[in-house]
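The values are calculated or read from the model by the stated rules, or taken from the named source; none is laboratory data. Values in this document were obtained by computation on a predicted structure and should not be read as measured data. As a convention, Cβ positions derive from the backbone with ideal geometry for all residues, glycine included, and neighbour counts pool all protein chains shown. To get the accessible areas, we keep the full protein, side chains included, count just its heavy atoms, and leave off ligands, DNA and RNA. Shrake-Rupley method; radii C 1.70, N 1.55, O 1.52, S 1.80 Å.
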Amino acid sequence: MNLIPNSADLLSILPILILSGGGILLLGLQFFFHGFEFRIVRFTSGLIIIAAFLSLLQTQMNPGLGSYFSGHYEISVLGFWFGALYLVAAFCTVLASPRVLEQHKMEFPEFYPLLLFSVVGMFLMTSGTDTVTIFVGLELMSVSLYVLVGMARSDIYSLEASLKYFLLGSFSTGFFLFGMAFLFGGSGTTHLETSLKPLVSAGFDSNFTKIGLLLLLTGISFKIALFPYHSWTPDAYEGALTPVTGFMATASKSASMGLLLVVFSKLPVSVSGGEWTWIMGILALLSMTYGNFVALKQTNIKRVLAYSSIAHAGYVVAGISLGGKEEALFYLIVYSFMSLGAFAVLSFLEEGNRQVTYESISGLAKSRPWTSLVFFLFFLSLAGIPPLGGFWAKLFLFQKIADQSSAIAKWLLIGGIANSALALYYYVKVGIVVYMSSEEGEISKLDSPKASYGVVLVSAISLVAILAGWYFLQPKDLVELKFAPKSAELRK
């Protein structure tokens, strides 16, 4: 095995190199622009993310699809879409965050480097093919998010959220590491696909691998926030600054689900559809049911979205466990835009530390009609109301589940449809209190604040995506993406 990387290896991780180098650059820039360093760092971080996106496109053509770094890193079409999703979420967070950071007197230039470093970890999680590489990415993402969640040091809720997230995140890391150890013990390698091959054999090697995979899936379930590994989610979502919450609900959750998708895609063919599908399918069914039922009792809209994310995680994991790769990825893309838009508008309504509840936005349409309309559209899409993007995402995913003939597929289909109907109550309730309430809530009575161009732009991008994005991009398009001229076969 050649340990010295060649030019193709370095080109394959060009987005990671740009993000890592850019993060280090941002840490240094703050010392040269005293007085307006925060603005310089914010502007430069946006340029770095755009450069990383362009380099991501470039890697698909040169060096092209294939494995690099002696099989430790892989360029694939699904990896491209996940990478694009992380970068779009990070860019929208950069746009939406300045106003909130200013309101909390948190204009720390370190905010943006941490954002970039977390994206680097996400790339390694879904493009790494070695458990050590994946673990490095997982920890890089997690540590960056621990700090981002607790950056509002003057807010006791933010500190509490950061501590809970850190403790439970460390707990999940232990499971993941134990899983890696058992997989290595059963196979003698850290390469993910090779380490899973003993599942088809018998004896001690197979037992070690089964225990390792179970522990690995447990660690991933913590990051996804599947029931019963979800307890950190509501407090972390509520305590973090709203743009950070939006980033966690989109990029971080997508990276964890992407890792689960990678693990399932590496399972031996003879194992697929067996007990591992049942294990994750049952967790998915419990998650969508628990998330929706608890969301019914919430009054704080941020917590509503937190429990809603647990339910949506259940839908996606149900698709992944039954082999719906493209459908699950399409759902994640649509869900990310719905969440980014909803949290962007939510940060605008909060205006600092104000709690946004159903009661506080009663009659909001009278004083802020456009804000109310956009906010309600995002919630309708989350509910899966046609013809918005959320409806098509669920339709494609449920169609894939319905195509399966197994008993777990039937249970997941029934559970998914029933839970979607149940979720209508708390999603549509936003429109009821905004448009049909005769009383004016606390936020509705206040004068509309000065417009935030970042929030407007994020809301516009997200709105276009859920209104028309599904027409131009569908699950089949995610795997039919063609980049010329090079591929792994052509290079050989």
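Based on C-alpha pairs under 8 angstrom that are at least 6 apart in sequence, region 171-315 has a relative contact order of 24 percent.
Note on L25 and E359: their simple-model spin labels are 5.0 nm apart, each label 7 Å out from Cα toward Cβ. Report, in degrees rounded to the nearest 10, the 0 to 90 angle that the Cα long axis of helix 111-127 makes with the longest principal axis of the chain. Result, in degrees: 40. Once the gyration tensor of the Cα atoms in region 273-481 is diagonalised, the equivalent ellipsoid follows with semi-axes of 33, 19, 13 Å, ordered largest first. The C-alpha atoms of the chain define a longest principal axis, and helix 156-187 lies at about 10 degrees to it.
Can you give me the relative contact order of the chain as a percent, contacts being Cα pairs under 8 Å and 6 or more apart?
On the way: 820 pairs, mean separation 75.0, N = 492.
Reported relative contact order: 15 percent.
Between L47 and Y425, the simple label model (points 7 Å from Cα in the Cβ direction) yields a spacing of 5.2 nm.
Can you pull out the chymotrypsin sites (Phe, Trp or Tyr not before Pro) in region 30-118 that DSSP calls coil and that have at most 14 other Cβ atoms within 10 Å? In loop regions of region 30-118 (DSSP not H, G, I, E or B), the sparsely surrounded chymotrypsin sites (Phe, Trp or Tyr not before Pro) are F31, F32, F33, F36. Which ³J(HN,Hα) values in Hz, rounded to whole numbers, follow from the phi angles of region 80-87 under the Karplus curve 6.51 cos²θ - 1.76 cosθ + 1.60, where θ = phi - 60° and Gly and Pro get x? Residue by residue, region 80-87 yields 4, 5, 5, x, 4, 5, 4, 5 Hz.
Evaluate the charge dipole of region 273-481 about its Cα centre and quote only its size in Debye, nearest 20, assuming +1 on the Cβ of each Lys and Arg and -1 on the Cβ of each Asp and Glu.
Approximately 180 debye in magnitude.
Placing a pseudo-label 7 Å from each Cα along the Cα-to-Cβ vector at I385 and K297 gives an inter-label distance of 2.7 nm. Here the translational diffusion coefficient of region 96-212 follows from Stokes-Einstein with Rh set to the Kirkwood radius across Cα pairs; for 4 °C and 1.567 mPa s it amounts to 80 µm²/s. Here the 3J(HN,Hα) profile of region 381-390, calculated from phi with Karplus coefficients 6.51, -1.76 and 1.60 at θ = phi - 60°, is 5, 4, 6, x, 7, x, x, 6, x, x Hz, Gly and Pro shown as x. With θ taken as phi - 60° and the Karplus curve 6.51 cos²θ - 1.76 cosθ + 1.60 applied, the whole-hertz 3J(HN,Hα) list for region 398-414 is 5, 4, 5, 5, 5, 5, 7, 9, 6, 5, 5, 5, 5, 5, 5, 5, 4 Hz, x standing for glycine and proline. One chain, two ends: L373 and S406. Fully extended at 0.36 nm per residue, the span grows by 7.7 nm beyond their Cα-Cα distance.
Out of the trypsin sites (Lys or Arg not before Pro) in region 35-107, which ones are loop residues according to DSSP with at most 15 other C-beta atoms within 10 Å? Mind showing how you got there, number by number?
Values: sites: R39, R42, R99, K105; in loops: K105.
Passing sites in region 35-107 are K105.
About its Cα centre, the chain has a charge dipole of approximately 440 debye under the convention of +1 per Lys or Arg Cβ and -1 per Asp or Glu Cβ, with nothing else charged. For the chain, the 222 nm mean residue ellipticity estimated from helices alone, with every DSSP H stretch of n ≥ 4 adding -39500 (n - 2.57) and the total spread over all residues, rounds to -23500 deg cm²/dmol. Among the GluC sites (Glu not before Pro) in region 53-141, those located in a DSSP loop and surrounded by at most 15 other Cβ atoms within 10 Å of their own Cβ are E107, E110. Close amide-amide hydrogen proximity is noted between F227 and S287, each under 5 Å apart and 5 or more residues distant or on a separate chain (H modeled in the peptide plane; Pro and chain starts excluded). Looking at this model, which pairs from K164/K302; K164/K210; K302/K394 are more than 25 angstrom apart at the alpha-carbon? Pairs exceeding the cut-off: K164/K210. Heavy-atom accessible surface of the chain, averaged per residue, reaches 40 Å², computed with a 1.4 Å probe. For D130, the residues 5 or more places off, or on other chains, whose built amide H falls under 5 Å of its own are L192.
Once the Cα atoms are used to define both axes, helix 301-321 deviates from the longest principal axis of the chain by about 30 degrees. What base-10 log of the normalised intensity I(q)/I(0) is obtained for region 113-174 from the Debye formula, alpha carbons as equal point scatterers, at q = 0.15, 0.17, 0.23, 0.26 Å⁻¹? Scattering profile of region 113-174, log10 relative to I(0): -0.47, -0.58, -0.89, -1.01. D by Stokes-Einstein for the chain, Kirkwood Rh over Cα pairs, 37 °C, 0.692 mPa s: 144 µm²/s. For I40 and A460, the FRET efficiency from 1/(1 + (r/R0)^6), where r spans their Cβ atoms and R0 equals 30 Å, is about 0.75.
On the chain, 67 percent of the accessible area sits on carbon and sulfur atoms, based on a 1.4 Å probe.
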